[in-house]
Amino acid sequence: MELVKIKLGTSLFWYIYLLLCIGLFLGLYFGLRKKSKKVQYWVLFGFLALNFALHFLKLALPYYSDKGFPAVIRKSTFENICAVSTMIFPFIFINKKAKVMKDYMFYMGCVSGIAGCVAPLPTIGLPFYHPEVIRCYVCHAGIWIVPLLMVIFGFHKLDYRRIWKVIFVYFGVLALIMVNELILIRLGWVETGSLEEFFDPADRDMGYAVGLPAGAEGVAKLILWLTPKAWKDPYVPILWQFFPMLIGGSLICLLMSMYWEHKHFKEDCIKLYKKTVEIYGILKNKILEMKARRKGGGEAQSDGASEEAADKSAPAEETQPSDGEEI
C-alpha cells in the first residue's frame, strides 16, 4: 500500500503526476495552436471554469465533509493564494481591460501552480487514486497551464513595465486572505485560541502572510536576508515580504517575461543609454560653462585691479618735478 502513496520526490506516482501535468500542457498546446481563436478561448476558459466548480464541489468528498460544518466551508473560501487564483482567474480571463490582473495571473499563476504540482503538500501520504489527489493536481495544473497558454496564444500581451503593479496586487491578495480568515473566525467557522495562534505561521496556510514556519526558514535564507530584522523577529504580517517581493519577486517576473519582452526591454535599454549620454553631455557642458565663467570673472577682476592701480599712480607721476624745473 505504501508504494501507491504520494511522497515528495520518492514516490513513483509523484513523478507520474508531474509527467501527466506536463503532458496535459503539451497536449493542449499542440491540440489548440492551429485552432481558431474562439476555440482556444473557450477551451482555456472551460478549464478555469472546471477549476472554479471543483473548488466548491470538493466539499462533497468525504476527505472534506468529515471535517464537519461549518468548519469545512473554510476550504472553499480565499484560504490561500491558490484558492484565490482558482476563484478569480475565470473572471480575470474574460475581462479584456484587466491588463495588470492578467499579468498577475501569468506570473503568480505559473509560480504557485507549478509549485503546487511539484510540492502537493495536502496530498502527501494519500494513495495516488484518491479523489483529492486527482482534484489537487487538476486544479494546480490549471492555475499555471491556462495563464501560460493565454500568453502563448496571444490573448494577453505582457509588459515588463507593469511588474511593479503586479507586486502590489500580490500584497493585496495577501491582505484579502487575512481578512477572509478574520471573517471566518468572527463568524465562528474557524476556531482560534488566541491572537498568538492566529499569527502562528505553522498553524495557517495563508500564503505565508504571517511568516515562515520553522522548517522553511532554512530553505528561504535569501528571502529572510532581504527582510529587515525588525520585521521578522517577530514577523510583521505581510510587511515582512515587502523587500523580498519587491527585489526578488520583480527579478523573477522580469526573467519570466523576457521570452516575450526581450525586444521591448532592449529598446528601452537603448533609449535609457541615449538619454543618459544626453544628460551627461548637458551636465558636462554646464560644468564647463561654469568653469569658464569663473575663469573669465577672475581675469576681469584682475584687469580691473590693474587699471585701478594705474589710475592711482598717474597723479603721483604728474607732481614729480622734471629735470630743469626749479624746486
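Summary table below
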| read-out | value |
| --- | --- |
| Top-ranked residue in region 170-210 [being modelled with pLDDT of 75 or more, among the β-branched types (Val, Ile, Thr) and in a loop (DSSP other than H, G, I, E, B); ranked as farthest from Cys253 (Cα to Cα)] | Val190 |
| Qualifying residues in region 15-35 (those that are touching a residue at least 12 places away in the same chain (Cβ under 8 Å) and aromatic (Phe, Trp, Tyr)) - the one most open to solvent (accessible area, probe 1.4 Å) | Tyr29 |
| Residue match in region 76-98 (condition: over 26 Å from the mean Cα position of the chain (by Cα) and either part of a helix (DSSP H, G or I) or surrounded by fewer than 20 Cβ atoms within 10 Å (Cβ to Cβ) (or both)) | no |
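The values are calculated or read from the model by the stated rules, or taken from the named source; none is laboratory data. No experiment lies behind these values; they were computed from the predicted model shown. Glycine gets a Cβ as well: all are built from the backbone with ideal geometry, and neighbour counts include every protein chain shown. Heavy atoms of the whole protein, side chains included, go into the accessibility calculation; ligands, DNA and RNA do not. Shrake-Rupley method; radii C 1.70, N 1.55, O 1.52, S 1.80 Å.
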